[in-house]
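The next block holds one structure in the form of structure tokens; read it before the comments.
Every number here is computed from the coordinates shown, using simple stated rules; none is lab data. Since we're looking at a predicted model, the values are computed, not measured. Please note: Cβ atoms are built from the backbone with ideal geometry, for glycine as well, and neighbour counts cover all protein chains shown.
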Amino acid sequence: MIRLSNLEKNTSAIVDCVEDTQPHDPIAQRLRDLGFVSGEPVRIVAHGPWRADPILILVGSTRFALRRSEADRVTVREVFGR
Amino acid sequence: MSSNTLRIALVGNPNCGKTALFNQLTGGRQKVANYAGVTVERKEGRFVTPSGRQVQLLDLPGAYSFDSSSPDELITRDVLLGRYRGEAVPDLVVCVADATNLRLHLRFVLEVTRLGHPVVLALNMMDAAAKRGIKIDTGTLQRRLGVKVVHTVAVKRGGASALIEAIDGSSADQKMPRTAERSDVRHSGDDVHAEVRALLAEAVQMPRATDERDDMLDRWALHPVLGLTILACVMFLVFQAVYSIGKPMTDAIGDGFGWLGAQAGAGLPDGPLRSLVTDGLIGGLGTVLGFLPEILVLFFFILVLEESGYLPRAAFLLDRFMLSVGLSGRSFIPLLSSFACAIPGVLGTRSITDPRDRLATILVAPLMTCSARLPVYALLIGAFIPTHRVLGIFNLQGLVLFALYAAGIGGAVTVGWVMSKLRGDGSEQALLMELPSYRMPRARDVAIGLWERSSIFVKRLTGVILALTVLMWFISTFPSPPDGATGPAIDYSFAGYIGRALQYVFEPLGFNWQISLSLIPAFAARETAVAALATVYGVSGGDSDVVSLGHALSGNFSVASALALLVWFAFAPQCMSTLAVIRRETRSWRNVGISFGYMFAMAYVASFLTYQIARLFS
């Protein structure tokens, strides 16, 4: 189980959960609304040019750009093979 | 409004092609306004169905979810729930979903269907879906969702015919059949996700999660080195276009109004009325409309970049850098536009979703060196800075000009950073930005967007700017000089008095009363400072006289004063048109006050230091 922000580029993973960093964390809620929910396939497609931030993540068939601090909230399981 | 007008609300995720569908349905018959108290646009259009039915179509802001705190999504939710005052509950909801991105969009569709309105689901971009081999079982979707499902291709002529047919066939009193098991109990998010998965498994076949073409383009466009190079080229092109297309048009408009003023002046007797018509009204109108070409060219490119999907990519590349100075990646384009003119820059901040980021961008945008500062810079640099070679290759004049641009950018970085520290609430700014598929921009959508932007500018600002211009004319014309007066007329006017009074304020900066006076018309439009200085120094206007004006200036004040004046123009709160736009866009005089206040303080301190330091060396 690793944080989405630490996932290597082009490695497939499955979302485990999104953690709130504070009670009623609006960003975590937003991430869930955008499809970062348990069982959803994700993959890192690109990194920003400076300090590899933000991160471009493919979730389902949508690309979302998240800042590292946002992606830190998501824990994922790597999928091997394929 | 007749009772048989059908009220339809158009809803959908951002990037579902809703606006293109709206344009397809209503053509040019649109009304754009703002929802009260917020800068969220309210777009309404009308059309008549083949059977002669009147339809009033409301384009609600794009939303990912109703469970949100963003102002636009709250409006969409409240209108649909009938909680938005002054907005009737729609008779029918047309929910638009991108057929290539149903995994995301069906979630919102489910939220909408659960509100219990009659809903038609428009599966948009069916052509792109077919090309990618995506198969959608419409019958199953229709049955499972309990709503009518139609296919649309918003960007193709006649691509909305199935939707129009469905609208024609629906009727407000005969509600659509809805699935029985739907309860009014709020479903939890997980529930919606589970339902989406079940729907996808049953009704959608997708050979590949993404478009191969998008993946390939992104490998180039988002590459750390290549991506930034492409971005630099795009920006260079936009800038070139603004100067080579926009600027000549602006000059032509200025010349045209000058000619018009002369013609009108010839027909009027000499006196205040003539001066009001030629200098006040026609001159003022020329100033307002003179902004238009640059605004149009810039917005053309911004719209094309936005429609094509490149704009969020540019924001992605620059986000980390912009964040470090208290802004966001989305601030970049408006700030870049501000190098031409702060007005389109401020108008362009509408694409920044976070209200705090948007305000920060609006406040620093006027610090970018706009093209109106150039005539002033050119005059002063030409008159006071020698054409020395520095280090053998650089021209000192060029270096000073560069330093002034850099000062503006440095100022913006500092102000952005300070503001992010002062903001104080400490809550995290979110990026959470979708990068949509690349699309070919459509001429009609770009044209309608341009028309909207320019009519907003002309309709809502002409009055304010014209009024201020006439006021400016008034104080620099009255009272008229007494008989036998020797000095230029402006000496005896209110502006003259104000200039002399301002001299006490500006003396520590090394400004004499003539400079102080020229700052008053410069507040209307920076470039008029040159004309004002020409007037007070008794040099008749015209391009050929710039040299003689330069001589007059260098004979009348010191290099230290000139440098201080240059620095003043780099930071000073100008022009009033920009302040009027800030008022318009933020709907708050407080923000205008903040903008004016901080820029005045910054310009004053910087000019003061420049003058005092320069004096030590000279």
Exercise. Any idea how many Lys pairs in the protein assembly as shown come in under 18 angstrom at the alpha carbon, given 8 or more places apart or on separate chains?
Worked result: 10
Exercise. Amide H neighbours of A:Arg63 under 5 Å, counting only residues 5+ apart in sequence or on other chains, H built in-plane at 1.01 Å?
Worked result: B:Leu435
Problem set entry | DSSP beta bridges in chain B [antiparallel fraction, %, rounded to 5] | 45
For this session: With a Förster radius of 22 Å, plug the Cβ-Cβ distance of B:Ala232 and B:Leu374 into 1/(1 + (r/R0)^6) and report the FRET value to the nearest 0.05.
Result: 0.50
Problem set entry | Nearest-0.05 FRET efficiency for B:Val605 and B:Arg46, computed from C-beta distance (R0 56 Å) | 0.55
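What Kirkwood radius, in Å to one decimal, follows from the Cα pairs of chain B?
By the Kirkwood definition, the hydrodynamic radius is 27.3 Å.
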Seminar exercise, completed: Per the Kirkwood formula over distinct C-alpha pairs, the hydrodynamic radius of region B:361-518 in angstrom is 21.3
Problem set entry | Relative contact order computed over chain B (Cα-Cα under 8 Å; 6+ residues apart), in percent | 10
Seminar exercise, completed: To the nearest 20 debye, the protein assembly as shown has a Cα-centred charge dipole, built from +1 on Lys and Arg Cβ and -1 on Asp and Glu Cβ, of 780
For this session: Have a look at B:Gly280, B:Val346, B:Ile136 and report the one farthest towards the positive end of the charge dipole of chain B, computed about the Cα centre with Cβ charges (Lys/Arg +1, Asp/Glu -1).
Result: B:Ile136
Exercise. For region B:1-155, what proportion of DSSP beta bridges, expressed in % and rounded to the nearest 5, is antiparallel?
Worked result: 35
For this session: Would you give the gap between the C-alpha center of region B:548-569 and the C-alpha center of region B:323-399, rounded to a whole Å?
Result: 22
Exercise. Counting Lys and Arg as +1 and Asp and Glu as -1, each charge on the Cβ, what is the dipole of chain B about the Cα centre in debye, to the nearest 20?
Worked result: 840
Exercise. Quick one: if the Förster radius is 30 Å, what FRET efficiency do B:Asn34 and B:Arg442 give, using the C-beta to C-beta distance and rounding to 0.05?
Worked result: 0.75
Exercise. Using θ = phi - 60° and the Karplus form 6.51 cos²θ - 1.76 cosθ + 1.60, what ³J(HN,Hα) does each residue of region B:92-105 get, whole Hz, x for Gly and Pro?
Worked result: 8, 10, 9, 9, 9, 9, 6, 5, 8, 9, 5, 4, 7, 6
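Hey, how much of the P(r) for region B:256-369 falls beyond 20 Å, as a percent of Cα pairs?
In whole percent, the long-distance tail amounts to 52.
Neighbour counts of other C-beta atoms within 10 Å: give me B:Met235, B:Met125 arranged from fewest to most.
On the way: B:Met235 17, B:Met125 28.
By the 10 Å Cβ count, ascending: B:Met235, B:Met125.
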Exercise. If amide H atoms are built 1.01 Å from N in the plane of the peptide, which residues on other chains or at least 5 residues away come under 5 Å of the amide H of A:Cys17?
Worked result: A:Thr75
For this session: Take peptide B:323-332, look around each residue's Cβ out to 10 angstrom, count Cβ atoms belonging to other protein chains, and average those counts.
Result: 1
For this session: Please order A:Ile14, A:Ile44 by the number of other Cβ within 10 Å, starting at the fewest.
Result: A:Ile14, A:Ile44
Exercise. Based on DSSP H runs of at least 4 residues, each adding -39500 (n - 2.57), what is the mean residue ellipticity at 222 nm of the protein assembly as shown after dividing by all its residues, to the nearest 500 deg cm²/dmol?
Worked result: -16500 deg cm²/dmol
Problem set entry | Residues listed by number, region B:266-290, amide nitrogen under 16 Å from B:Ala252 label point at 7 Å toward C-beta | B:289-290
For this session: Pop out the ³J(HN,Hα) list for region B:275-285 in order, Karplus 6.51 cos²θ - 1.76 cosθ + 1.60 with θ = phi - 60°, rounded to Hz; leave Gly and Pro as x.
Result: 5, 5, 5, 6, 7, x, 6, 5, x, x, 4
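Indicate, rounded to the nearest 5 percent, the antiparallel portion of the DSSP beta bridges found entirely in the protein assembly as shown.
65
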Problem set entry | region A:2-78 - Kirkwood radius from inverse mean 1/r over Cα pairs (Å) | 12.1
Exercise. Any idea which of B:Pro224, B:Cys370, B:Gly499 is furthest toward the positive side of the dipole for the protein assembly as shown, if Lys and Arg beta-carbons carry +1 and Asp and Glu beta-carbons -1?
Worked result: B:Pro224
For this session: Quick one: divide the alpha-carbon radius of gyration of the protein assembly as shown by 2.2 N^0.38 Å and tell me what you get.
Result: 1.09
For this session: Treat each spin label as a single point 7 Å out from the Cα along the C-beta direction, and report the B:Arg350 to B:Thr5 distance in nm.
Result: 2.2
For this session: Enumerate the calculated ³J(HN,Hα) couplings along region B:376-384 in order (Karplus 6.51 cos²θ - 1.76 cosθ + 1.60, θ = phi - 60°), each rounded to whole Hz, writing x wherever the residue is Gly or Pro.
Result: 5, 4, 4, 4, 6, 5, x, 7, 10
For this session: Would you mind working out the magnitude of the charge dipole of chain A relative to its Cα centre, with +1 at each Lys and Arg C-beta and -1 at each Asp and Glu C-beta, to the nearest 20 Debye?
Result: 300
Exercise. Considering amide H positions built from the backbone, and no H for Pro or chain starts, which residues 5 or more places from B:Gly12, or on another chain, come under 5 Å of its amide H?
Worked result: B:Ala63, B:Val96
For this session: Treat the count of other C-beta atoms within 10 Å as a stand-in for reagent exposure and order B:Lys131, B:Lys148, B:Lys18 from fewest to most.
Result: B:Lys131, B:Lys148, B:Lys18
For this session: Express in nm, to one decimal, how much length is gained between B:Ile409 and B:Val547 on full extension, taking 0.36 nm for each residue of separation and deducting their alpha carbon distance.
Result: 46.7 nm
